[in-house]
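Heads up: the structure comes next, in structure tokens.
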Amino acid sequence: MSIRNIPLTRPNLMGNERRYVTECVESSWISSQGTFVQEFEGSLREFLRANYVVTTSSGTAALHLALAALGVGPGDEVLVPDLTFGATANAVIHCGATPVFIDISAETWTLDPKLINERITSRTRAIIPVHLYGHPCDMTPIIDIAAQHRLFLVEDCAQALGAEYQGTKVGTLGDVGCFSFFANKIITTGEGGACITNHHWLDSRLRLLRDHGMAKEKRYWHLRPGFNYRMTNLQAAIGVAQLERIAAQLEHRTRVGNRYRARLGSIPGLTMPPAMPWAKCVCWLFTVLVDSSVFGVDRDELARRLGCDGIETRPIFYPLHRQPAYGQEGTGSTGYPQTELVSAAGLSLPMPFADHYAVDLVCDAVAELA
Ligand SMILES: *Cc1c(COP(=O)(O)O)cnc(C)c1O
């Protein structure tokens, strides 16, 4: 027992964040007009090598905006992995459509391409692969299925800014890529998000819907019932400062991941997170599976004991199909064994933003309980 205090994550705001935010306040450009929004969209476009970037007020707003811009609506079905944060499915429901859940693959903990075909119906409109915990989905078969059935592909990249699938940044592999800049994501703007696309027609629709559906040439003339999903200049100011340091931050996350692997990889009963040879992962949170029959204690007990040691951890997401919000699901499915397994055994360990010392303390504490 000790008096450590190691939080799961904390945003790193040690660059120009304060300076740029002060600039917004001093110039009084604090809403969604002002130069930082354009600058942030420009930097993000460059980083992702994408044609168009439309920033939003959150990652959930980005997902909702993307689906709305693609025309997803009542009666439509959208394929979503059973293991993800609920916002992925909520965005579908807010369009009036139905999320249809698909089990994950054991190899990547993301949407299993082999299970997609059996869940496609005449109502299916889109697939949302989620690059969970910064590991890219196996996109080639997913892209092929989407093309074959004329389905839209919306990538949920909320946890995966900077990850690459066979050399291409995630977010640019489908029709729209959606990012989140919540405080615990790869980069943050406090709350915030973005839609990325290479289609000009989609860029225009995303911008129209983001801004109340008002015509660009004629103010207060509404072409569509849109939303107010704009990012503020204050948020974008933080985002610009974050992107200035993204290369170093991604390297730091990789080093933390490698250190965890080196120290925990050989402990019996612990499974390290996926790392396929074709994937360039970003280490969002370092998540291990605890096999209680081999490791000394089960996942929940490990979490409890680390908590007593001042080390914050987080269990993996619950399977969506079992949750009250998504109760309509369950028909025609063959079950979700992989999601159940990973969900019951997965525990995320802290991602300290600066020091490696904290990683070693966590590893010592885990090893002691093995
Ligand atoms: C964080 C997250 C979101 C939602 O982003 P917010 O910015 O919090 O609205 C959506 N999907 C996944 C997988 C996430 O992790």
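Each value in this text was obtained by applying a stated rule to the coordinates, not by laboratory testing. In this text, all values refer to a predicted model and were calculated from it rather than measured experimentally. FYI the Cβ positions are ideal-geometry reconstructions off the backbone, even for glycines, and counts take in every protein chain you see.
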Using the Cα gyration tensor of region 25-82, the equivalent ellipsoid's semi-axes, largest first and to the nearest Å, work out to 29, 15, 10
Log entry: pair-distance distribution for region 104-213, C-alpha pairs binned every 10 Å from zero, whole % per bin is 14, 43, 34, 9, 0
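Which helices, taking whole DSSP H runs in the chain, have alpha carbons extending 18 angstrom or more along the helix axis plus mean Kyte-Doolittle at least -0.5? Mind showing how you got there, number by number?
On the way: long enough: 35-48 (20 Å, -0.01); 246-264 (27 Å, -0.89); 357-369 (19 Å, 1.25).
Within the chain the helices that satisfy the rule are 35-48, 357-369.
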If N is the residue count of region 238-283, its Cα Rg over 2.2 N^0.38 Å rounds to 1.45
Percent antiparallel among DSSP beta bridges confined to region 1-155, rounded to 5, stands at 10 percent
Share (percent) of C-alpha pair distances in region 185-260 greater than 15 Å works out to 67 percent
Looks like the chain, by Cα gyration tensor root eigenvalues a ≥ b ≥ c and the a/c under 1.5 rounded cutoff (else prolate when a/b is bigger than b/c, oblate otherwise), is oblate
Within region 69-193, the percent of DSSP beta bridges that are antiparallel, given to the nearest 5, stands at 20 percent
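Using the count of nearby Cβ atoms within 10 Å as a rough guide to exposure, how do Asp76, Asp360 rank from fewest to most?
Details: Asp76 18, Asp360 13.
In order of increasing Cβ crowding within 10 Å: Asp360, Asp76.
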In region 211-285, the chymotrypsin sites (Phe, Trp or Tyr not before Pro) that sit in a DSSP loop and have at most 10 other Cβ atoms within 10 Å of their own Cβ are Tyr220, Trp221
Note on region 148-288: the mean projected area of its alpha-carbon convex hull, in nm², is 11.7 nm²
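What Kirkwood hydrodynamic radius, in Å, does region 80-145 give when the mean of 1/r is taken over all pairs of distinct Cα atoms and then inverted?
Values: mean 1/r = 0.0822 Å⁻¹.
Averaging 1/r across every pair of different Cα atoms and inverting gives 12.2 Å.
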Binned at 5 Å from zero, the C-alpha pair distances of region 55-114 give percents of 4, 20, 25, 21, 18, 10, 2
Region 313-327 and region 123-144 have their Cα centres apart by a whole-number Å value of 19 Å
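Express as a percent, rounded to the nearest 5, the fraction of DSSP beta bridges in the chain (both residues included) that run antiparallel.
Values: 24 of 40 bridges.
If I count the DSSP bridges inside the chain, around 60 percent turn out antiparallel.
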Once normalised by the length of the chain, the mean sequence separation of its alpha carbon contacts under 8 Å that are 6 or more apart gives a contact order in percent of 23 percent
Full extension between Cys308 and Arg49 adds, at 0.36 nm per residue less the Cα distance, a length in nm of 88.8 nm
Straight-line reach check, Lys169, cutoff 18 Å on alpha carbons, 8 or more apart in-chain or any other chain, hits among lysines -> Lys185, Lys280
Rounded to whole angstroms and listed largest first, the alpha-carbon spread of region 252-370 along its three principal axes comes to 48, 34, 25
